[in-house]
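Read through the structure below, which is laid out as structure tokens, and then see the notes.
The values are calculated or read from the model by the stated rules, or taken from the named source; none is laboratory data. Note that the structure is a prediction, hence the values are computed from the model and not measured. Positions of Cβ are generated from backbone atoms using ideal geometry, with glycine treated the same way; all protein chains shown enter the neighbour counts. Remember, those area values only see protein heavy atoms, side chains included, never the ligands or the DNA or RNA. Shrake-Rupley method; radii C 1.70, N 1.55, O 1.52, S 1.80 Å.
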Amino acid sequence: MSSPSAAPDADVVGRIRASFARQGAMTTIGAEITDITADRVTISLAIAPRMQQQHSFIHENVVVTALDSACGYAALTLMPADMEVLPAEFKVNLLAPASGDSLN
């Protein structure tokens, strides 16, 4: 088992939180950052009826939207202050529908 990740520099955390606050998509889906460590960012959102597909599961595009941001911000925790990240390719394999009250 690996050891827990260290907390990133306060400037990095502030930069990530400010960037996240500018994302209208995250506001629209009700996502929030709940944890930031060096190499990991956790984004949580409630599994609300407005985010569900016709079978009452959270829509996979909502899951992927939050996941894309979490991955990008996790990469940003390891980047120099003058750098940004953008995805060049992104693939997700969904193994089962999400269940419960929230997604983390």
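Numerical summary
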item	result
Highest-MSF residue in the chain out of Thr27, Thr77, Thr37 [GNM, Cα springs under 10 Å]	Thr27
Nonlocal amide H pairs with Ile43, under 5 Å, H built at 1.01 Å	Thr34
Euclidean distance between Cα centres, region 52-104 to region 6-21, Å	18 Å
Accessible carbon and sulfur surface of the chain relative to its total accessible area, %, 1.4 Å	55 percent
Nonlocal amide H pairs with Ala38, under 5 Å, H built at 1.01 Å	Ala6, Ala7
Calculated P(r) tail over 14 Å for region 1-52, as whole % of Cα pairs	59 percent
Tilt relative to the chain, helix 10-21 - C-alpha long axis, 0 to 90 degrees, to 10	30 degrees
Separation of the Asp39 and Ser56 label points, Cα + 7 Å toward Cβ, nm	4.0 nm
Choice from Met79, Met26, Met51 showing the highest fluctuation, given a GNM over the chain with Cα pairs closer than 10 Å	Met79
D (Stokes-Einstein, µm²/s), Kirkwood Cα radius, the chain, 1.002 mPa s at 20 °C	146 µm²/s
Surface accessible to a 1.4 Å probe, per residue, for the residues of the chain, Å²	67 Å²
